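Asks: I am attaching a structure below and will ask some questions about it afterwards.
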Amino acid sequence: MKNRKIKVLLALVVMGIMMLSGCKKQVGTPEDNPVQEEDTEETDEEEAEEEGYKFGFSGINMENPYFITLENAIRESVTSSGNTLITEDPEGDAQKQASQITEMIEAGIDAIFLSPVNWEEITPSLQELQEADVRIINVDTQVKEMDYVDAYVGSDNEAAGRMCGEALIEKCPDGGKVLILECPTQNSINERITGFEEAISKAEVGFEIVARENTDGKFEKSVEVAQNILKEHTDVTAIMCGNDQIAVGAQTAVNLLGMEDVIIYGVDGSPDIKKELEKSDTQIAGTAAQSPINMGKKAVEVGLAILNGEEYEKENYVEIIDMITKDNVEMYGADGWQ
């Protein structure tokens, strides 16, 4: 009798195990199949990416607020149109930019928004991009070999430089001595300095350029070279800077040397410079304001037209907004870019 009870109990246990096993085979919920669900999500994402274009962005230095804002504007326009953007930061290093461009080509980009660290040394990368059938939208500062470029989107940089020169003539009608802080590897800055020099050459009372120095477009180097020159030329009237980041460096140098009467001009219209213009005791006299937001939107518009086989302009100039000074800075505000 005991043996019979044991056999019955064993039979019931076996049946229970079989029933549980059978139920498990019928379950198809996500909790029971986590790997399968995850794979499905990844496949959906891959298919979504394949449907749109893949763009690359390579600016000069993503520590510069100008290029941060430009990239943000491009990213917003790219993603809102159902496409993707890969961004790399060369940190002002031409060789690093070249290797990052190679990586983006290998990642399968269809087009690139490119601001060259060095407008001459970028040529091998342009050739590599062309061989890979990647379309090139040159943004903000031109490359030297423009034949490789599908389209250019930027500001009239000579006009920006002329604005600064004309503002200096108005502010200093008796002329004076000028220090130029530039960056020969960036053609946008070259053109700004050219426009500035053309403007002051037409002044009734002369301006003397006592020195010009390469800053590599970097804040730290701008501080260093400005200090060195100002120690030798203590009677400098004004400093013309290739962009606002250089201008902030120049102002730092002037403050460290206690030279309160020197006036400084930049180009960009950055929030930092506009905040300075709101102060009563700043050496910043003005900045020719660009719009990296409008430039980014235009670049994406042109890039999509190129990839879609639509008509587009090869050269696209976004208007310089204004010469921002103490007199009109309230119109633009200091909290963001125009």
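The values are calculated or read from the model by the stated rules, or taken from the named source; none is laboratory data. Since this is a predicted model, take the numbers as computed values, not measurements. Backbone-built Cβ (ideal geometry, glycine too); neighbour counts: all protein chains shown. Remember, those area values only see protein heavy atoms, side chains included, never the ligands or the DNA or RNA. Shrake-Rupley method; radii C 1.70, N 1.55, O 1.52, S 1.80 Å.
Asks: Distance check, please: which entries in Lys279/Lys326; Lys171/Lys279; Lys202/Lys326; Lys144/Lys314; Lys231/Lys279 exceed 20 angstrom between their Cα atoms?
Replies: Too far apart for the 20 Å limit: Lys202/Lys326; Lys231/Lys279.
Asks: On full extension of the chain, what length is gained from Lys171 through Thr123, given 0.36 nm per residue of separation minus the C-alpha to C-alpha distance?
Replies: On the way: separation 48, 0.36 × 48 = 17.28 nm, distance 4.12 nm.
Here the answer is 13.2 nm.
Asks: Let me ask you something else. Report, to the nearest whole %, how much of the accessible area of segment 42-186 belongs to carbon and sulfur atoms, 1.4 Å probe, protein only.
Replies: 40
Asks: What accessible surface, in Å², does a 1.4 Å probe find on Asp89, ignoring ligands, DNA and RNA and rounding to the nearest 10?
Replies: 40
Asks: Which residue fluctuates the most in the chain, going by a Gaussian network model with Cα springs under 10 Å, if the choices are Cys241, Cys172, Cys183?
Replies: Largest GNM mean-square fluctuation: Cys172.
Asks: Whole angstrom only: what separates the Cα centroid of segment 262-338 from the Cα centroid of segment 144-223?
Replies: First find each Cα centre; the distance between them is then 16 Å.
Asks: Continuing with this model, one more query. For Lys171, what accessible surface area do you get with a 1.4 Å probe? Give it in Å², rounded to 10.
Replies: Solvent-accessible area, nearest 10 Å²: 120 Å².
Asks: Lys and Arg at +1, Asp and Glu at -1: add these up for the other residues within a Cβ distance under 11 Å of Val302 and post the number.
Replies: Value of the local net charge: -2.
Asks: Can I ask one more? In whole Hz, with x marking every Gly and Pro, tabulate ³J(HN,Hα) for segment 84-101 from phi via Karplus 6.51 cos²θ - 1.76 cosθ + 1.60, θ = phi - 60°.
Replies: 10, 10, 9, 10, 10, 10, x, 6, x, 10, 5, 5, 5, 4, 4, 5, 5, 5
Asks: Among Ile263, Gly286, Ile209, which residue has its Cα furthest toward the positive end of the charge dipole of segment 198-297, with +1 on Lys/Arg Cβ and -1 on Asp/Glu Cβ?
Replies: So the residue we want is Gly286.
Asks: Let me ask you something else. With every protein chain left in place and a probe of 1.4 Å, what is the accessible surface of Met163, to the nearest 10 Å²?
Replies: Spelled out: Met163, probe radius 1.4 Å, area about 60 Å².
Asks: Going by the alpha-carbon gyration tensor, a ≥ b ≥ c the square roots of its eigenvalues, is the chain rounded (a/c under 1.5) or, if a/c is not under 1.5, prolate (a/b greater than b/c) versus oblate?
Replies: In terms of gyration-tensor shape, prolate.
Asks: Among DSSP beta bridges lying fully in the chain, give the percent that are antiparallel, nearest 5. Kindly include the intermediate steps, with their values, before the conclusion.
Replies: Working: 3 of 42 bridges.
Of all bridge pairs located within the chain, approximately 5 percent are antiparallel.
Asks: To continue, here is another question. Taking a probe of 1.4 Å, how large is the accessible area per residue of the chain, in Å²?
Replies: 51
Asks: So, one more: Work out, step by step, the length gained on full extension between Glu63 and Ala107: first 0.36 nm times the residue separation, then minus their alpha carbon distance; give nm to one decimal.
Replies: Result: 13.4 nm gained on full extension.
Asks: With the dipole of the chain worked out from charges on the C-beta (+1 for Lys and Arg, -1 for Asp and Glu) around the Cα centre, which of Pro173, Tyr53, Asn308 lies farthest toward the positive end?
Replies: Tyr53
Asks: Roughly how many nanometres apart are two label points built 7 Å out from the Cα toward the Cβ at Thr84 and Glu220?
Replies: Distance between the two pseudo-spin positions: 3.4 nm.
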